[in-house]
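Peer 1: I'd like to ask some things about the structure below.
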Amino acid sequence: MSRLLILTLCACLTLSLGALSADAQRPGVVFHLDSETSMNRMLAQVARHHAFNPDIETRVILIGDGVKPAIEGAEDANGGQYSAQMEQLMASGIRLFACEATLNYYNLTEDDLAFGVESVPSGVAALGRLQAREGWGYIKL
């Protein structure tokens, strides 16, 4: 009888650990930004999403003209640096990624990115993988 109880407890523990590891790898939400126009507003919307859903992992993938504000020293129309707003997002746990294919198109490298902005080889491929293989939600701004 005690052996059956031990086996049952081991099975429950194994299932619990499996649920915990699956929970740690649960999908999040990825934002797709491909325009420099209204970037401050779009970044504010990402911050708002995260404020109301802090338990959901959030990523931003910048493609096309959306990469321009992620370049070190990039300024908005009012002379404010985009990097300040991006640093606030990153400090709250949001990860920002620039598309390397876009950087190549503009003759830029990862070294040109503002501090903390990461890169992915292809922004479109990363969006597809997160949605199709990893079950992430997708929001286009």
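Peer 1: Taking the criterion of being modelled with pLDDT under 95 and in a helix (DSSP H, G or I), would at least one residue in region 27-37 satisfy it?
Peer 2: Checked region 27-37: no residue is modelled with pLDDT under 95 and in a helix (DSSP H, G or I).
Peer 1: Do we find that residue 48 is closer than 17 Å to residue 140 by Cβ, of a type in the set (Lys, Arg), within 17 Å of the chain's Cα centre (by Cα) and crowded, with 18+ Cβ neighbours inside 10 Å in this structure?
Peer 2: Against the criterion (closer than 17 Å to residue 140 by Cβ, of a type in the set (Lys, Arg), within 17 Å of the chain's Cα centre (by Cα) and crowded, with 18+ Cβ neighbours inside 10 Å), residue 48 does not qualify.
A quick yes/no check of all residues on (1) modelled with pLDDT of 95 or more; (2) closer than 25 Å to residue 124 by Cβ; (3) of a type in the set (Ser, Thr, Tyr):
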| residue | (1), (2), (3) |
| --- | --- |
| 76 | no, no, no |
| 90 | yes, yes, no |
| 97 | yes, yes, no |
| 102 | yes, yes, yes |
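Peer 1: Looking at region 126-141, which of its residues are touching a strand residue (DSSP E or B) at 6+ places or on another chain (Cβ under 9 Å) and over 13 Å from residue 58 (Cβ atoms)?
Peer 2: Answer for region 126-141, where residues must be touching a strand residue (DSSP E or B) at 6+ places or on another chain (Cβ under 9 Å) and over 13 Å from residue 58 (Cβ atoms): 126, 127, 131, 140.
Peer 1: Here's something else I'd like to know. Within region 56-74, how many residues turn out to be in contact (Cβ under 8 Å) with a residue 60 or more places away in the chain and among the charged types (D, E, K, R)?
Peer 2: The total comes to 1.
The values are calculated or read from the model by the stated rules, or taken from the named source; none is laboratory data. A quick note: this is a predicted structure, and the numbers were derived from the prediction, not measured. Note: ideal-geometry Cβ built from the backbone for every residue, glycine included; neighbour counts use all protein chains shown.
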